[in-house]
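Some notes on the structure that comes next.
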2 protein chains.
Amino acid sequence: MSPFPRPKRMMVGRPLDSARLGETLLPKRLALPIFCSDPLSSVAYATEEILLVVGLGGVALLHLTWYAAAAIVLVLVVVVASYRQTCYAYPGGGGAYIVSAQNLGRNAALTAASALLVDYVLTVAVSVVSGVAAITSAIPSLGGHDMALSVGFVALLAMMNLRGVRESGRVFAVPTYGFVFFIYLMFVFAAVRIATGATPRAESAELPLHAVSHYTGLALVLLGMRAFASGCTALTGVEAISNGVPAFRRPKSRNAATTLLIMGFFSVTMFAGITALAMLYDVHVAVEPTDLGLPPNTPTSTALAQIARATFGEVTVLFYLLQAFTAGVLILAANTAFNGFPMLASILAEDRFVPRQLHNRGDRLVFSNGIILLALAAIGLIILFKAELTHLIQLYIIGVFVSFTLSQTGMVRHWRTVLAERGLPARERVRHRRSQAINAVGAVLTGVVLVVVLITKFTHGAWIVVIAMPLLFMGMRAVHQHYARVSREVAIAPDARPWEPAGNYVLVLVNALNAPTLKALGYARAMRPTSLDALIVAIDPADVRGLREQWDAHDIDVPLQVLSAPYRDFTRPVIEYVLGVSARHPGGAVTVVIPEYLVGRWWEQPLHNQSALRLKARLLFTPGVTVVSVPYRLPSGRARDNRAQ
Amino acid sequence: MSPFPRPKRMMVGRPLDSARLGETLLPKRLALPIFCSDPLSSVAYATEEILLVVGLGGVALLHLTWYAAAAIVLVLVVVVASYRQTCYAYPGGGGAYIVSAQNLGRNAALTAASALLVDYVLTVAVSVVSGVAAITSAIPSLGGHDMALSVGFVALLAMMNLRGVRESGRVFAVPTYGFVFFIYLMFVFAAVRIATGATPRAESAELPLHAVSHYTGLALVLLGMRAFASGCTALTGVEAISNGVPAFRRPKSRNAATTLLIMGFFSVTMFAGITALAMLYDVHVAVEPTDLGLPPNTPTSTALAQIARATFGEVTVLFYLLQAFTAGVLILAANTAFNGFPMLASILAEDRFVPRQLHNRGDRLVFSNGIILLALAAIGLIILFKAELTHLIQLYIIGVFVSFTLSQTGMVRHWRTVLAERGLPARERVRHRRSQAINAVGAVLTGVVLVVVLITKFTHGAWIVVIAMPLLFMGMRAVHQHYARVSREVAIAPDARPWEPAGNYVLVLVNALNAPTLKALGYARAMRPTSLDALIVAIDPADVRGLREQWDAHDIDVPLQVLSAPYRDFTRPVIEYVLGVSARHPGGAVTVVIPEYLVGRWWEQPLHNQSALRLKARLLFTPGVTVVSVPYRLPSGRARDNRAQ
């Protein structure tokens, strides 16, 4: 039926029945890896991003890391608390888009949607590139192939997601839990070593780290803020759980809120622990190896890899295992976006802000078109930025904090509406007020962070996002206006009746008398037309004579009209004749019947029907005309037919 | 009507009437530049190609140039004499393809066709690149832009040819005659200078030319043969006149043969003169400037430019004029191919060896598709070989000599057939015998040259052509076999009658009750079907309920069939339902009517009809089913309509 049915089945599995949708609901132990691999895994690079910025001020400013990390932990706690309220308030799924739409209006909702779409793409790109960095830290010989590896992993993820959510959950549980386990194991090793008096040193501890410039006063404050902004990558993806509440097992809201809490605990402890060890071990990192006094193109390790190598020491198998799980969880973190993006696109399609085909579920219960779109956009970014994490990360987080701020502000409004209801029990009223307060703190804090991020990252690449978001915003508005206009234009009056054409004037296009022509003539006659004529365009007079003779020999009782073609152009005489028929029969239907050859092999198709295709494209814009292609399957082309199953 | 009617008109001019075809016949003075710019212009680089090869043996072997040039003049005279016979024998046009087809059979004809197609493309590429070299010899600052300039000129030529033959003739007369005039003027200047005892020296005369290797014995013979093979580029394009006999004014054959003679005289004298001057002036050339002891990337001049600069001396305006006309004639030489290629493609299409659309004349009386195809192929080669003449030229000439040999061999056969006729007057018999003898000499000589060219150029790049030609050959055979099979498959018995379907079972696809649906329902009813049903796929139960209510409210008397879609896939339930109807009514026609939205702007189109398109593609391969798209033009999309003119 489809030209490639088998390879598709092999890659995406059997289609699933709608009735089995209930089966795909997630227990907490599977929901955590699916929705939280993004925020959990980001601790693998958040510390390093802080160190890269404060390192610009040399060794003397490394202590700023403590302040930045503390601020990030604070924001993380507030955001998690804030989103837990959303899980309860929106059991049907409360992503920034829905919350903004319901509480702040359409423009806020579209702003949130633009922000989220951009950030989903960046989540995929950043996580996968960072995962590849974890691999190349452990296996330096792979160093030159970052781009190919990253693109390959994105493609792999897209394929897995096309197979459906539940199988993804199982695949993703192992690396996520493995990553958390080995990070904690590393903390235990480190604690034992420090307790026994042997504090390890990072391999880069002795490398010189010179100040790029001298930071004092406002510059120092800005540097600290920039370090904080870079570390905020640890916060991405918290949104995903509140969006995915309907995918949880019952009680959905409570399970989701609990999962969010677990995630928050893991994130805060792991981020704090890794940052503390980085400071204790004197990890020195820089964008270019030359900044550390190393020759250019020296392969360097990530901060986390350095800490792990120093901590595990001679037990190298643990180092390699941690790197493997880090790479795994990072690459799978991109999966959060593969869950969120198609779901958001589907909601946007339902509200007619993006093309309707993003609303269709594919045959594995997931949103195939959205998955493919996301994968292509992420691959595009990876190629554009040559898989360089430092540059990609500059575009990141803006969108997250735009949607955080809108979402929390919307929640404040939501509680106000709820509290305005009469007859609310006093206990509920107190609970709602508490929720509102939490969301208000969240809104203000994330709003402040957004301003900090915008100020400190704008010139470092964030301007690209600042341009992309309004473009997406305007594009979605244009699509919405188009659908609204079409919907108005096709609406019918209460007394509208089906069209009643005054006769059907049928013209059969002919170039020779053969089996396809006989079929088309027969079909045309089965339409019981008001009038029936056959048309031939006289490009070669000999052909016309031959056809006339055959016509008489076979005693075809359809009149044959010969159209002269002074410019040897096939299309124009037909269009003119059709327009003439149409003008003579106002209110009538004019039908052009074209015999179409169906051949068996792809390369044979361009050898046929070219003139017919050109004509059809032109007739499409001729009012009152309907084109009917009567397909004639060549005996040799029947292998591809659909048959009763 | 077409989306871009105005730009096309601006570029290719008004369409020409078939009746005006006679007007485009060419007088000799216009036929010469159109058909002969290729062989005439090739004297601009033929000498240099010889010098490049013999130069590999150092200054000591430069004298081999005399022998190579003499051999080339001999071959040129024989080939011209031989093709003059063809002009008389084939007044309808006697290209290698036609002569081979009529005298040697289909495989020989297809071999000739493959050779010609490859060489037309190379003529365009080599001539244009060489023309650009003439420009950069005069204006060294343009040196870095060879590729862009070459591609631009090919595009320009394609555009001019899409405007039609006659205008081309006028445009091309000036540079061709100008080139011939200035070459002879240069000979006059040179003769005067030499007669007055002041033999000029080339600017490169003092540059060292070291032997790359020491050539003796067989190696020396091979080097001489390779020099000869390279110089044979002077022979390309002689074919064009014999192919273009029908384009000449009456008496066609005689005018063509005379034009060929004039061309031969110009070619031989110019080639001989330029080669003699190159030897007298001690022109030294090499592929790389470093071979002449110059720094890498030094801009060097072509051999012809050096001769001209030395000859005209202080009268530099004449040097610049000659370079301008050289560039002009070379770039226009490519035009020979733009005449020959589409004509050959059209003949091949008529014989069903290439897709039929290459047979259509466009609306300027020329073969638009062939012109576009040729331009694209030449641009591809130029980009692939980075516009480097020395590499392109290695692929050249093989094809020419394959077709020369086949054509002349075919002519020998032709005369044998003619001579076999009874009652031929004695005088005619003598004339035909003479022609046969000339063609026999031509066949043997060109065959020998072909072997020489193959041996000496194979490893230098000619192998590409040796692979490309059989591929083209097989491709054309496959196309031919396909058309032959289709033609057998669609042929009808003498008593065949139009199809008489046992009823027409019509299904209208519906997703909402709106204006497009009402139009489609009305059209379906106008087909007066045996049965009429509306189908809705139940992806969302709420939609189905809404539609049912509307259906009743509007009192639509077409039964509404709701198809369940357990996999939320729109296509499969429809296909299955259609197959069911088809199975219940064997011998009947099943028609699926789909409302189609027509919007006004290109970006709006993908927002609609996507599910319908997918369904149509699948239904195409469902036997006995015809799909009818009933277009509904949205009021806002009516700007593009065709209207009675």
* Structure fact -> Cβ pairs under 8 Å, 6+ apart or interchain, first in the stretch A:512-528 and at the interface with another protein chain (Cβ under 7 Å from one of its Cβ atoms), second among the small types (Gly, Ala, Ser) and crowded, with 23+ Cβ neighbours inside 10 Å, ordered by first then second residue, are A:Leu521/A:Ala534; A:Tyr523/B:Ala589; A:Ala526/B:Ala589
* Asked: Is the stretch B:476-489 home to any residue that is crowded, with 20+ Cβ neighbours inside 10 Å, touching a Ser or Thr at 6+ places or on another chain (Cβ under 6 Å) and at pLDDT 90 or above?
  -> no
* Structure fact -> Restricting attention to the stretch B:534-549, the residues that are within 9 Å of chain A (Cβ to nearest Cβ) and surrounded by fewer than 19 Cβ atoms within 10 Å (Cβ to Cβ) number exactly 0
* Structure fact -> Picked from the stretch B:497-508 (must be aliphatic (A, V, I, L, M) and under 19 Å from B:Pro623 (Cβ atoms)), the residue farthest from the other protein chains (Cβ to nearest Cβ) is B:Leu507
* Filter the stretch B:472-482 for residues that are more than 7 Å from every other protein chain (Cβ to nearest Cβ) and either assigned to a loop (DSSP other than H, G, I, E, B) or touching a residue at least 40 places away in the same chain (Cβ under 8 Å) (or both) and give the result. => B:Leu472, B:Phe473, B:Met476, B:Arg477, B:His480
* Structure fact -> Apart from one, (1) surrounded by fewer than 24 Cβ atoms within 10 Å (Cβ to Cβ); (2) of a type outside the set (Phe, Trp, Tyr); (3) over 23 Å from the mean Cα position of the chain (by Cα) all hold for B:Ala69; the odd one out is (1)
* Looking at (1) more than 30 Å from A:Asp540 (Cβ to Cβ); (2) in a loop (DSSP other than H, G, I, E, B); (3) under 32 Å from the mean Cα position of the chain (by Cα), can you tell me which one B:Glu314 breaks? -> (3)
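To keep it simple, each residue is scored yes or no on (1) out of contact with any helix residue (DSSP H, G or I) (no Cβ under 8 Å at 6 or more places or on another chain); (2) of a type in the set (Lys, Arg); (3) in contact (Cβ under 8 Å) with a residue 40 or more places away in the chain; (4) not in a helix (DSSP H, G or I).
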| site | (1), (2), (3), (4) |
| --- | --- |
| A:Ala377 | no, no, yes, no |
| A:Ile382 | no, no, yes, no |
| A:Thr405 | no, no, yes, no |
| A:Leu424 | no, no, no, yes |
| A:Arg434 | yes, yes, no, no |
| A:Val449 | no, no, yes, no |
* Structure fact -> Residues in the stretch A:196-245 that are of a type in the set (Phe, Trp, Tyr) and either over 39 Å from the mean Cα position of the chain (by Cα) or in a loop (DSSP other than H, G, I, E, B) (or both) total 1
* Asked: Looking at B:Ile347, B:Ile331, which one is among the β-branched types (Val, Ile, Thr), part of a helix (DSSP H, G or I) and buried (at least 24 other Cβ atoms within 10 Å of the Cβ)?
  -> B:Ile331
* Among what's in the stretch B:353-364 and is touching a helix residue (DSSP H, G or I) at 6+ places or on another chain (Cβ under 6 Å) and not in a helix (DSSP H, G or I), pick the residue that is modelled with the lowest pLDDT. => B:Arg364
* Return yes or no: is A:Ile397 on the phi > 0 side of the Ramachandran plot and surrounded by 20 or more Cβ atoms within 10 Å (Cβ to Cβ)? => yes
* Matching residues in the stretch A:183-199 - criterion: being over 26 Å from A:Leu330 (Cα atoms) and in contact (Cβ under 8 Å) with a residue 40 or more places away in the chain -> A:Arg193, A:Ile194, A:Thr199
* For the stretch B:490-503, name all the residues that are surrounded by 16 or more Cβ atoms within 10 Å (Cβ to Cβ) and either more than 18 Å from A:Val510 (Cβ to Cβ) or of a type in the set (Asp, Glu) (or both). => B:Pro501
* Lone qualifier among A:Leu406, A:Leu381 - being more than 24 Å from A:Gln102 (Cα to Cα) and at pLDDT 90 or above -> A:Leu381
* Which one of these is within 9 Å of chain A (Cβ to nearest Cβ), touching a Ser or Thr at 6+ places or on another chain (Cβ under 8 Å) and either under 29 Å from A:Phe621 (Cβ atoms) or of a type in the set (A, V, I, L, M, F, W, C) (or both): B:Val558, B:Val599, B:Val592? -> B:Val599
* Selection within the stretch A:611-628 - under 20 Å from B:Leu619 (Cα atoms) and in contact with a Lys or Arg (Cβ under 7 Å, 6 or more places away or on another chain) -> A:Val627
* Structure fact -> Note on B:Ala565: of the conditions (1) over 30 Å from A:Pro559 (Cβ atoms); (2) facing chain A (nearest Cβ under 9 Å); (3) under 51 Å from the mean Cα position of the chain (by Cα); (4) buried (at least 17 other Cβ atoms within 10 Å of the Cβ), unmet is (3)
* Asked: Just checking, how many residues over the stretch A:613-631 are buried (at least 17 other Cβ atoms within 10 Å of the Cβ) and within 7 Å of another protein chain (Cβ to nearest Cβ)?
  -> 8
* **Condition check for B:Val448: among the β-branched types (Val, Ile, Thr) and within 30 Å of B:Val354 (Cβ to Cβ)** => no
* Asked: Just for the stretch B:365-375: of the residues that are of a type in the set (A, V, I, L, M) and part of a helix (DSSP H, G or I), which one is surrounded by the fewest Cβ atoms within 10 Å (Cβ to Cβ)?
  -> B:Ile372
* Structure fact -> Here the residues within the stretch B:581-596 that are in contact with a helix residue (DSSP H, G or I) (Cβ under 9 Å, 6 or more places away or on another chain) and surrounded by fewer than 20 Cβ atoms within 10 Å (Cβ to Cβ) are B:Gly588
* Out of curiosity, is B:Thr258 part of a helix (DSSP H, G or I), of a type in the set (Ser, Thr, Tyr) and crowded, with 19+ Cβ neighbours inside 10 Å? -> no
* Structure fact -> Across (1) more than 9 Å from chain A (Cβ to nearest Cβ); (2) surrounded by fewer than 19 Cβ atoms within 10 Å (Cβ to Cβ), B:Pro606 clears everything bar (1)
* **Candidate set: the stretch A:510-533, residues that are over 51 Å from the mean Cα position of the chain (by Cα) and under 25 Å from B:Ala524 (Cα atoms); chosen: the one surrounded by the most Cβ atoms within 10 Å (Cβ to Cβ)** => A:Leu532
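The values are calculated or read from the model by the stated rules, or taken from the named source; none is laboratory data. Everything numeric in this text was worked out from a predicted model, so none of it was measured. Please note: Cβ atoms are built from the backbone with ideal geometry, for glycine as well, and neighbour counts cover all protein chains shown.
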